[in-house]
Amino acid sequence: MRVKLRNVYVAYSGSRKPTIKDITLTLDRGVYVITGPNGAGKTTLLETIIGLLKPYRGEAYLLGVNTKSRRIFRARRKCSYVPQDFMKPPTEAYTGMDVIRLGLVFNRGSLNDAIELAKRLNALDLLEKPFGKLSGGQQQKIMILRALARNPEILLLDEPFSSLDAETKENLCEILKEYSDRLVVIVCHDTSIVKRSADHIVRMEEGRVVDIS
Ligand SMILES: Nc1ncnc2c1ncn2[C@@H]1O[C@H](COP(=O)(O)OP(=O)(O)O)[C@@H](O)[C@H]1O
Ligand SMILES: [Mg+2]
């Protein structure tokens, strides 16, 4: 199992109440869409899966490694995570291509893959432009390209469609379908967009998983 959560509770520091509660999940392959209202704990769950947040109760394993173990850093290199609000690189001097190249350090991905994917997402012209001067949607495309080009065993995307235009959404859905022999976990509050590429829908409410279909 690539991801295994057993009765996991996670709280943010300073909070006495858990943000996610008693979550038990095993995910191995296919495209999973996590959905639910704002504040349901979707982002918190994703960051628990990748091991950025640690459970105070229960256990979380990523690629067989307990997320509290030091070996988690190595396991995480085999994964790609595009956060909901990604950080801008510190200087405008980075082009889109530089941002992708940085993502491939320590990784088995290839720039050629990135270029092929960029063609399919209508993003070829963005590769030479300064990342800092791109629009939100264009930056989102570059971050997704970078995540895909890393050829990850697990791909985690938090609201990847939020600033993409309709055509790019469609193309991305097509691409994601091709990753169904890996594990893809997409947080998306609007499941109508991803319905075609989703193998499973995980519904969250108030910090709990209330339905998996
Ligand atoms: N860094 C944080 N510190 C404290 N509380 C947080 C933090 N991030 C999120 N929360 C709270 O945790 C709850 C779940 O947030 P989140 O996982 O981001 O939900 P979703 O992604 O489903 O909208 C919300 O009530 C939110 O206010
Ligand atoms: Mg969120």
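The values are calculated or read from the model by the stated rules, or taken from the named source; none is laboratory data. Just so it is clear, the structure is predicted and the values come from calculations on it, not from any experiment. Positions of Cβ are generated from backbone atoms using ideal geometry, with glycine treated the same way; all protein chains shown enter the neighbour counts. Ligands, DNA and RNA are stripped out before the accessible areas are found, and what is left, the full protein with its side chains, is counted by its heavy atoms. Shrake-Rupley method; radii C 1.70, N 1.55, O 1.52, S 1.80 Å.
Brief remarks on what is shown
Residues are listed down the side, and each one gets a yes or a no for (1) hydroxyl-bearing (Ser, Thr, Tyr); (2) within 15 Å of ligand 1 (Cβ to nearest atom); (3) farther than 19 Å from residue 144 by Cβ; (4) assigned to a helix (DSSP H, G or I):
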site: 168; (1), (2), (3), (4): yes, no, no, yes
site: 173; (1), (2), (3), (4): no, no, no, yes
site: 180; (1), (2), (3), (4): yes, no, no, no
site: 185; (1), (2), (3), (4): no, yes, no, no
site: 193; (1), (2), (3), (4): no, no, no, yes
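- Helices (runs of 4 or more DSSP H) wholly inside region 1-114 containing at least 3 residues that are open to solvent by 30 Å² or more (accessible area, probe 1.4 Å) and away from ligand 2 (no atom under 16 Å from the Cβ): 72-76, 96-103
- Cβ pairs under 6 Å, 6+ apart, first in region 33-53 and over 11 Å from residue 84 (Cβ atoms) and free of Cβ contacts under 8 Å to residues at least 40 places away in the same chain, second more than 8 Å from ligand 1 (Cβ to nearest atom) and part of a helix (DSSP H, G or I): 51/72
- Picking from residues in region 20-31 that are β-branched (Val, Ile, Thr) and farther than 15 Å from residue 210 by Cβ, the one that is farthest from the chain's Cα centre (by Cα) is 26.
- If the condition is being away from ligand 2 (no atom under 16 Å from the Cβ), among the small types (Gly, Ala, Ser) and either part of a loop (DSSP other than H, G, I, E, B) or under 21 Å from residue 110 (Cα atoms) (or both), then region 145-166 contributes 147, 149.
- In region 151-174, the residues that are on the phi < 0 side of the Ramachandran plot reach residues that are assigned to a loop (DSSP other than H, G, I, E, B) and among the β-branched types (Val, Ile, Thr) with C-beta atoms within less than 7 angstrom, at least six apart or across chains, in these pairs: 156/50.
- Of all residues in region 163-178, those satisfying the criterion of being buried (at least 20 other Cβ atoms within 10 Å of the Cβ) and not β-branched (Val, Ile, Thr) are 164, 172, 176.
- Residue in region 179-198 that is under 15 Å from the mean Cα position of the chain (by Cα) and surrounded by fewer than 15 Cβ atoms within 10 Å (Cβ to Cβ) present: yes
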